[in-house]
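Here, each number is a calculation from the coordinates, and none is a lab measurement. Predicted, not measured: the structure shown is a model, and the values here were computed from it. Here Cβ is always computed from backbone atoms with ideal geometry, including for glycine, and neighbour counts include all displayed protein chains.
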Amino acid sequence: MAKFKFLVLVISIFFVIQSCSLPHYMMENKAQTTGLDFTKGKWLINDIDCPGNVYQQLFQESTKDFGLFLADRLYPVYNVKGIILPQKIKFNPSKNDIKEMKKGCVGFDYFINIRAGKLKEEIGSIDLTPHHLNTSKTNQSEVFIEIYDLNLSEIIYSQKVIGTSSAVKDNQDVHFSRASSGLIMGAYRKLINDISSKSIK
């Protein structure tokens, strides 16, 4: 009886694994081979541009992670009086754009900009579509982190990670996939691990 139950469990696990779509993450900027020097300067972290359902988690994770690198030298922009910045700071800014940012961030040396978004959301975490009606579906999200040296008016880190989870057409009636919000957090984690592994702390 025990062997039969064990066999049923193994078969059940097999079918769950078969119906799972494991997410994969791809870094876009192959040219970003260097990290950062976190041992000096005052750092601002911008308010995060992302979907509302992940904002709180992404904000908490990013301030915690960069706080571990910088301790008391990390400042969220909305906690600092006298900061004057555009409502939305575009990515890949020009040298002149960063010079203008510096004018509104007097006393700060570095600026962290984070953006996250959903690219595709075609499937829920659990999809119960009968297999004869199945079509290939994809969830896809991206996270982009840029960091600017305000004194040199340069981008010193720029990397994007795209996370993808797909359910392909097959004979399964149940599919488990990573939702777009989960892909955002997974992509963010890959980015912070990249920064951590390459940087001076």
I need the phi-derived Karplus couplings for the stretch 182-192: 6.51 cos²θ - 1.76 cosθ + 1.60, θ = phi - 60°, integer Hz, Gly and Pro marked x.
x, 5, 4, 5, x, 5, 4, 4, 5, 5, 5
Report, in listed order, any pair from 95/120; 42/118; 40/99; 102/198; 90/201 with a Cα-Cα distance greater than 23 Å.
95/120; 42/118; 102/198; 90/201
Fully extended contour minus Cα-Cα distance, from residue 34 to residue 152, at 0.36 nm per residue:
40.8 nm
Would you mind checking which residues have amide H under 5 Å from residue 157's amide H? H placed 1.01 Å from N; only 5 or more apart, or other chain.
147
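All other residues with a Cβ under 12 Å from the Cβ of residue 38 taken together, and with Lys, Arg as +1 and Asp, Glu as -1, what is their net charge?
Numbers: positive: 40, 42, 73, 198, 201; negative: 37, 65, 109.
Combined, the nearby Lys, Arg, Asp and Glu give +2.
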